[in-house]
1. Kirkwood hydrodynamic radius (Cα pairs, Å) of the range 1-75?
2. Accessible surface of residue 176 in the full protein assembly, 1.4 angstrom probe, to the nearest 10 Å²?
3. So the label point goes 7 Å from the Cα of residue 174 along Cα→C-beta, right? Which residues of the range 204-229 then have their backbone N under 14 Å from it?
4. Report, largest value first, the span of the C-alpha coordinates of the range 217-270 along each principal axis, in whole Å.
5. Taking H as built 1.01 Å from N, whose amide H comes closer than 5 Å to the amide H of residue 181, not counting residues under 5 places away?
6. Assuming R0 = 30 Å, can you tell me the calculated FRET efficiency for the pair residue 764 and residue 108, based on Cβ-Cβ distance, to the nearest 0.05?
7. Please report the net charge: other residues with Cβ closer than 9 Å to the Cβ of residue 77, K and R +1, D and E -1.
8. Leaving ligands, DNA and RNA out of it, work out the accessible area of residue 654 with a 1.4 Å probe and give it in Å² to the nearest 10.
Amino acid sequence: MDRHIKALELDKILKMLANEASCEDSGRLAEDLAPSSSVEEVKVRLAQTSDAHVLIARFGAPPFGGLVNVANSLLRAKAGGVLSARELLSIGQVLKAIDAIVQWRERCEGVKSCLDGYFNALSPNKYLENKIFGAILSEEEIADSASPALNDIRRKMRQVSSGIREQLNKLIHSSYFQKFLQEPIVTIRSGRFVVPVKAEFKNEVDGLIHDTSSSGATVFIEPASSVKANNELRLLAAKERDEIERILAELSAAAGEFADNIIDSFEAAVRLDLIFAKASLAFKMQAVCPKVSDGGRIVLKRARHPLIDPKTVVPADISLGAEFDTLVITGPNTGGKTVALKTLGLLTLMAMCGLMIPAEEGSEVSVFDRVLADIGDEQSIEQSLSTFSSHMTNIIDIINKADERTLVLLDELGAGTDPVEGAALATAILEKLRQKGVKVAATTHYAELKMYALQTPGVENAACEFDVATLKPTYRLILGAAGRSNAFAISKRLGLEEEIIERAKEFISSEQARFEQVMARLESTRQSLEASLAEAQDSMLQAREAEEKARKRAAELERERERLIERARLDAERIVDAAKRQANALIEELERLKREEGGAGERLTRAKALTKAVLREMDNALPDLEEYKENYVLPRPLRKGDSVLIADIGKKGTVLEEPDSSGNVLVQAGIIKTRVPVENLRLIEEEKVKVKGSSGGVVKSLADKGGRPKTEIDIRGKTVDEALADLDFFIDSAILSSMEQVWIIHGKGTGALRAAVHNYLKRHRAVDSFRLGTYGEGETGVTIVRLK
């Protein structure tokens with residue numbers, strides 16, 4: 001890797017990227033990733049990473065597990081070679097991984113992506129996959145069902161073995177032979193069934209000696225009666241080996257036919273794994289996709305160095321190439337100058353590699369042909385170079401290579417020699433680089449360079465802020481301000497005598513002193529304005545929050561009003577419909593009275609009774625107007641938990657808080673919490689509504705903590721109760737994320753945890769089906785669950 005790139009620590013970022021990859025090949029691609037100088041290629045890389053980032057956020061990461069490089073095995077199979085069971089299982093594992101990736105993409109319905117070219121290059125082969133796993137159970141075991149011939153051979157072997165064991169069991173349990181045996185068992189030596197005989201009785205048992213014990217006290221004899229059957233078993237074993245070789249050759253030939261297809265699919269899957277590794281790293285860094293150009297413009301908003309602990313790193317706003325082409329960063333030692341310089345270079349290189357950068361939305365980066373850096377103490381003992389000589393050698397090389405498409409980063413420019421000469425050299429170097437159109441960022445302590453930045457168009461100062469009161473840097477980068485070394489202030493704070501400090505100030509030139517005084521006044525003014533701006537922004541933010549709350553509250557009240565109106569309309573329609581039905585029944589009864597002569601009096605009486613009943617029913621359906629009288633007085637003061645009626649809307653609710661000083665009461669009506677004047681409330685003394693959740697119980701949230709949605713949970717090492725609690729939360733989260741399939745890693749062990757998990761899954765309503773993992777998926781240590 002280029003030493004300039006290594007100085008900016010891109011290699012460490014690429015190592016982090018490799019750790020995110022699921023496949024060894026994609027991990028190597030990550031470590032070998034090089035920045036691109038083509039703006040079009042960089043845009044394509046970032047678009048791919050951004051699309052992967054969106055897909056992970058919505059559907060979780062694709063399952064890349066099981067991808068191994070089987071190219072050599074496939075090419076050997078294509079050439080006619082016979083592969084081992086292990087090699088064939090690896091090929092089957094790759095085919096299963098490819099199929100899983102394709103199925104994952106199919107679940108991402110309706111989402112178009114620039115990655116579809118890679119997804120379309122994946123060619124699942126269920127025929128070959130099923131053929132391999134149907135024939136091979138493990139590296140040492142071929143299934144009986146691999147071929148009819150193998151099944152027949154093994155059936156005969158079981159029959160012959162059973163016959164031999166039955167024959168020898170009779171022998172060892174006979175009273176005559178028992179006294180010759182070391183113990184009454186049947187064992188196997190050299191693939192033949194034998195019995196253990198005491199050495200002194202070896203001539204008493206007719207048969208062939210195949211082995212002796214280490215002590216010599218036992219000989220293992222194959223009785224003469226079982227020799228023929230053992231010979232037959234050996235012949236069947238040879239036939240079994242031949243048939244297995246034939247099956248492996250047949251599977252190898254089938255794999256060879258699809259070799260090119262599988263290799264192409266594997267390479268596409270590796271590329272996808274690398275791209276999704278970039279997206280996964282972006283989630284961990286809370287990174288964004290920057291705008292990209294090739295004009296040398298860099299605008300980093302709240303940029304964070306990705307190798308510094310996120311809990312302690314201080315974001316910085318850094319810009320270059322827009323209003324100025326040279327940035328001079330000043331400030332005290334350990335104030336963050338070098339970190340700002342490295343952040344500028346590293347984030348540029350990350351974007352050129354297609355990586356999202358840890359900054360805020362709206363950040364911009366430029367693509368350069370070269371990023372050249374002279375950072376750190378590179379004193380060389382072997383080459384007899386001092387620190388200054390080493391830096392100057394690097395700078396000479398940088399000047400010779402740099403052009404208008406180069407970003408140059410110089411740390412402590414001109415340091416390590418006489419300050420006067422060093423400052424003059426630093427100024428001349430900056431001028432030379434600017435003449436060549438180079439974009440430059442440099443750190444320095446020299447006041448001459450600060451003055452140069454103030455007086456030269458296109459050159460800008462930036463200061464690393466320092467808190468003199470605490471003697472600690474704040475690590476904030478202030479563009480447009482020149483930093484101070486603060487040597488006098490720090491020395492005074494540490495206890496140096498005032499007399500010495502005042503004497504030191506006398507040695508400073510009057511121009512330098514005036515410059516420092518101006519810089520101090522500017523810094524004080526800047527801090528004051530910054531505090532005022534922060535206060536104004538806080539006030540504006542509070543006002544916006546209050547406005548947003550009021551807007552939401554108004555919208556909620558409007559929705560509640562519309563809902564109540566709609567409910568009242570439906571109630572009225574229901575009452576009218578009921579009245580119509582009753583009235584129709586009454587009319588029909590009267591009509592019958594007209595048609596019938598007999599029994600008219602009795603029927604008329606019934607009709608009147610029916611009419612009165614209808615009127616009573618309609619009267620009862622009307623609200624109780626007494627509750628709305630203006631002269632209503634509460635029988636007692638309202639207390640928390642009281643059931644009340646909100647008079648103006650006829651809505652029941654529950655008192656959450658007692659009346660405040662303004663006479664307003666916090667009431668919950670349905671899902672709405674609102675403050676209501678106490679005069680508008682009517683106490684319902686016969687009802688006491690308990691506020692759900694008022695006991696202070698803790699409700700466990702099903703929301704994801706910020707990471708990307710996961711498709712698997714590892715509950716190994718936990719008790720059954722702990723595991724089932726975690727599993728319940730995990731499945732709820734998976735359902736909320738619209739996942740269709742998840743993996744539960746419970747381990748093999750005694751099987752108790754697996755049994756508990758399976759019993760739980762059988763009762764869960766959201767579980768469609770589940771199964772144990774197969775070879776390459778974790779076997780009996782993993783359960784794969786399909787959700788409804």
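1. Working: mean 1/r = 0.0687 Å⁻¹.
So the Kirkwood estimate lands at 14.6 Å.
2. 120
3. 204-207, 223-227
4. 63, 27, 8
5. 198
6. Numbers: r = 25 Å, r/R0 = 0.83.
Once the sixth-power term is evaluated, E becomes 0.75.
7. Details: positive: 76, 78; negative: 87, 257.
Overall, the nearby charge balance is 0.
8. Around 10 Å² of this residue is reachable by solvent.
The values are calculated or read from the model by the stated rules, or taken from the named source; none is laboratory data. Only a predicted model underlies this, so the values are computations on that prediction, with no experimental measurement involved. Note: ideal-geometry Cβ built from the backbone for every residue, glycine included; neighbour counts use all protein chains shown. We work out accessible area using only protein heavy atoms, side chains counted, and drop any ligands, DNA or RNA first. Shrake-Rupley method; radii C 1.70, N 1.55, O 1.52, S 1.80 Å.
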